[in-house]
């Protein structure tokens with residue numbers, strides 16, 4: 001029960017919520033440029049090639065094994081944007097290390113498993129995954145309403161039917177509108193929440209609130225950022241998803257950079273960098289624990 005509450009609220013319930021800055025299109029492009037520079041400096045490429053080849057192979061095998069799910073191929077690919085912010089958490093940690101002048105490689109992507117923010121990150125990640133499942137169910141229902149219960153037999157005839165018939169265009173338009181709503185919801189709650197939880201362990205409630213305030217105060221910039229992410233995922237998905245091996249690391253690093261531009265820093269509340277071995281408690285960690293105790297005592301806990 002206590003751990004569930006901590007994941008929701010975080011161990012530090014500071015009175016002042018994270019401060020949101022005004023950002024614009026230049027900040028989005030600047031974050032993307034910095035993310036690309038991070039990608040060039042850190043060896044994330046091999047890890048993500050293996051990840052996406054593996055996931056792609058599993059997906060294709062599942063579609064072949066359990067048969068006649070061609071109508072879900074595009075929704076599955078498009079729906080990846082919903083869980084992308086959670087999948088990229090390891091990249092945020094790598095970028096966090098680099099911005100502090102520390103060495104970083106693909107092994108540091110797994111430092112989140114030793115972070116006190118892990119319960120909060122998993123809680124919000126589970127919510128995004130649930131949103132993804134609801135989107136797939138909605139996509140299947142749209143297919144049933146437009147094409148009926150009969151599953152497509154082959155990819156080329158099905159694609160031809162979709163782009164040349166009225167019911168096919170109805171499926172495209174309705175699916176696009178519904179998918180857009182799901183994508184906007186995921187963007188609003190996650191545009192800064194995962195980096196913020198990793199950076200300060202503020203809990204899901206405070207992190208989502210900060211993301212919503214950021215979206216409310218900077219609607220144009222957040223919309224532009226969402227457009228950048230969507231365009232990147234589309235471009236990366238076109239060549240049989242191979243391009244995602246490059247696009248995903250770039251977007252992951254860039255998301256942390258956008259977070260740094262959008263949320264004002266509070267160094268006293270930032271979590272220390274966890275050593276890869278995680279065998280000893282560093283002085284930074286001890287100082288952070290002391291800070292937690294002082295705040296909790298001040299709040300009468």
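Just so you know, all these numbers are worked out from the coordinates, no wet-lab data involved. Keep in mind the model is a prediction, meaning the values are calculated, not measured. In this analysis, Cβ positions are derived from the backbone assuming ideal geometry, glycine residues included, and neighbour counts consider all displayed protein chains.
Structure notes:
- Once the Cα-Cα distance is subtracted from the 0.36 nm per residue extended length, the residue 145 to residue 40 segment shows a gain of 33.2 nm.
- Mean Cβ count within 10 Å, highest first, over the residues of peptides 160-170, 28-38: 28-38, 160-170
- With a Förster radius of 35 Å applied to the beta-carbon distance between residue 205 and residue 242, the computed FRET efficiency rounds to 0.35.
- Here the extension length gained between residue 105 and residue 130 equals 5.9 nm, from 0.36 nm per residue of separation less the Cα-Cα distance.
- Segment residue 114..residue 19, full-extension length gain: 31.5 nm, with 0.36 nm per residue of separation and the alpha-carbon distance subtracted.
- Förster radius 25 Å - calculated FRET efficiency between residue 29 and residue 234, Cβ distance, rounded to 0.05: 0.85
- Nitroxide proxy distance, nm - points 7 Å out along Cα→Cβ at residue 69 and residue 163: 2.5 nm
- The distance separating the Cα centre of region 85-143 from that of region 206-267 comes to 13 Å.
- Packing-based order for 102-111, 141-150, using average beta carbon neighbours within 10 Å, highest first: 102-111, 141-150
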